[in-house]
1. For helix B:116-125, what angle does its Cα long axis make with the longest principal axis of chain B, in degrees from 0 to 90 and rounded to 10?
2. Counting only pairs 8 or more places apart or on different chains, how many lysine pairs in the protein assembly as shown have C-alpha atoms closer than 27 Å?
3. For chain B, take the longest principal axis of its alpha carbons; what is the angle in degrees between that and the long axis of helix B:189-204, to the nearest 10 within 0 to 90?
4. List the distances, in nm to one decimal, from the label point of A:ASP224 to the label points of the same position in every other copy, shortest first, placing each label point 7 Å from Cα along the Cα-to-Cβ direction.
5. Label-to-label distances across copies for A:GLU140, with labels 7 Å out along Cα→Cβ, in nm, shortest first?
6. Dividing the Cα convex hull volume of segment B:113-194 by residue count, how many Å³ per residue is that?
7. Restricting to chain A, compute how many DSSP beta bridges are antiparallel as a %, nearest 5.
8. Could you check the spin-label model distance between B:ALA166 and B:ALA62? Points 7 Å from the Cα along Cα→Cβ, value in nm.
Number of protein chains: 2
Amino acid sequence: MSVLAPVAVAPARLTPVEPYLELSVPTAVRRLRALVAALPGTAIHYAVKANPDPVLLRALHAAGSRFDVASPAEVVAAIEAGARPEDLVYSNPVKRRADVAYAAALGVRVFVVDSPEETVKVAAAAPGAAVLCRLVTSGEGSDWPLSRKYGCSTGEAVHILSAAAALGLQPAGVSFHVGSQQRDPEAWGPPIAAAARVFAALRADGLAPWLLDLGGGFPARLADDGADRCPPLAAYGEAIDRHLTRAFGADRPQTLVEPGRAVVAEAGVLHCRVVATLVRGGTRWVFLDAGVFTGLVETLDEAIRYPLRTERDGGPTGPCVLAGPTCDSADVLYEQTMVDLPLDLVEGDRVWLESAGAYTTCYSTVGFNGFPPLTTVRRG
Amino acid sequence: MSVLAPVAVAPARLTPVEPYLELSVPTAVRRLRALVAALPGTAIHYAVKANPDPVLLRALHAAGSRFDVASPAEVVAAIEAGARPEDLVYSNPVKRRADVAYAAALGVRVFVVDSPEETVKVAAAAPGAAVLCRLVTSGEGSDWPLSRKYGCSTGEAVHILSAAAALGLQPAGVSFHVGSQQRDPEAWGPPIAAAARVFAALRADGLAPWLLDLGGGFPARLADDGADRCPPLAAYGEAIDRHLTRAFGADRPQTLVEPGRAVVAEAGVLHCRVVATLVRGGTRWVFLDAGVFTGLVETLDEAIRYPLRTERDGGPTGPCVLAGPTCDSADVLYEQTMVDLPLDLVEGDRVWLESAGAYTTCYSTVGFNGFPPLTTVRRG
């Protein structure tokens, strides 16, 4: 037999090395369509930061999505996926001047600001661009609140957008973000009402704002999420429509949303294995070969709780602490609120973290402890 | 003039693009020598995880350092730097079986364990290897405590090391870690005393442990650190020597330490620039182009406080919140305890984070928000 004869490899052995993220692009497209259906008349701008996989971006573009970008690299990724630069929203409210100029040179026309200083910067680096002014929100009701760092008051927004007009920018309107993984559809009510006050004040000043960015925050199904904890997307669409009608009446502006997690989280399953099961001081610890530094940063403070499946599911379960593989003590996923896993789980068993398509591969470290970054294996 | 004529470039323009880590390998070697001087008779095993830069590893090896490793990639990095595999300590207490076998095949002989399960695993994957059993410590006095995830009691350690001997492993001794950036030299006292109790019990059972791994935790000079907050390395050496004499008398085992931060932190300066200075609700915010996701993860919970310098230093200063460049609200470095920066600091100004050589480049994400990982520029 020649040494060049083909080698037969059993398909079952063609499993990628764990840990890896299995990404179903069709699932993400299905979720995009569900958002389109739930939010008729509202443009969907997928938030590239949630998962910038290039095949995913191309599929979402082909399915009609626009994009929300936060950096020059994300502008390029969106354009390479087929997006028109004028359909992008550059939503990072505080940007390097050179980054604004770079994006503007590529044709980006809509930038988010939330301060007079940033407005002056955009006017200089992207003359004539359209600006959305971001309002502060409470973040209440969300798993990953965003309230501290960005946003201004309605009074400040009126001042900023009027100043923008005086600087030759187009005062497009208002943006806000109710916090990631927002559980309460009614959370959109107060900021929509606040936005309407800004629009009214600007119109009274003779300006003509036309665009309202409703942000992201639409949830994915996480651990222990019943209908009460994760309302259907239609409930969000209904609440937003009702609040828009109440706040704007017949003068409703164009609207857009920036979903990231809601599109891609449920499209991803993180495949990993048990490194060890131990008992420490009477508590069971399960160590996985994926952890905080290989993509699961959102478990910090145990904010995001991934649904777990194992190859031992079906038998009796018990509580355990879940830890990652690095020798860093911060690499613990769930400890304050332990997870329930099969009692017969042992070293080498496969574990799947579901709804893990968002904020995992991109949050992975370059290789802390010598463990490689989380890779993506696409399915479908 | 030919188009091939050399182009004159002013040296001042050859500045790398911010942000980047400037790494002084000679400073790291100097810090290594200071540790050698402070801990006579104790082997220094540099913790590769703190900064695995290959030029740094080669220089530390040439200066006499051994290495502490946590994964197959770190074993390879240490060997490529010139280390003998038998001089490595594989200190990650919970390891993939395949990783233990890989390291053993490369010649690694010393593995840390802290459970019966891991001892059985090492006996199977690295037959005849030497094992150190890690004791739990309180972590008190450290900026980045490590107490939750690893370590067992002295009673468990005696059991584990006796079982190791029965499994054909060499019960080498004990390891512990007093927590990273440990401020109190006396923190080594209780675990050294505990280690001595383990050694005595093993010797009473006819075993002959010979090695005590005193861990890391030696501090680097951080913000606001006077001599009280960051005692000189000699104070650590003196305290450890005193505790070893008290606990072990004439039967002192071989000793080693695993410094990471103490060697490389002060060898690194993170160069970045101000993206914006804003006022939010009466509070000044300074946004930098480096943040939590580009290497500064240790600012989470504001644990590690980097000394700051700016090109405006010298004039009046005031408090501000310090934030990173991504549009993630978690990308805030210091807010609960604000930092003091010059009042005339403006966009584009250069800012230097000192003592930033440890746990920065390796903690950097692969590119969250499209911002590239932190790069290293070596000096000296």
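Values in this text are rule-based calculations from the coordinates and carry no lab data. Note that this is a predicted model, so its numbers are computed, not measured. Because the Cβ atoms are built from the backbone with ideal geometry, glycine has one as well, and the counts that use them run over all protein chains shown.
1. Between the helix axis and the principal axis of chain B, the angle is about 90 degrees.
2. Count of close lysine pairs: 12.
3. In chain B, helix B:189-204 runs at an angle near 30 degrees to the longest axis.
4. Label point to label point, same position, other copies: 3.6 nm.
5. With the label placed 7 Å along Cα→Cβ, A:GLU140 yields 4.1 nm.
6. Numbers: hull volume 6.9 nm³, N = 82.
Per residue, the Cα convex hull of segment B:113-194 comes to 84 Å³.
7. Values: 25 of 60 bridges.
Percent antiparallel among DSSP bridges in chain A is about 40.
8. The answer from the label model is 5.0 nm.
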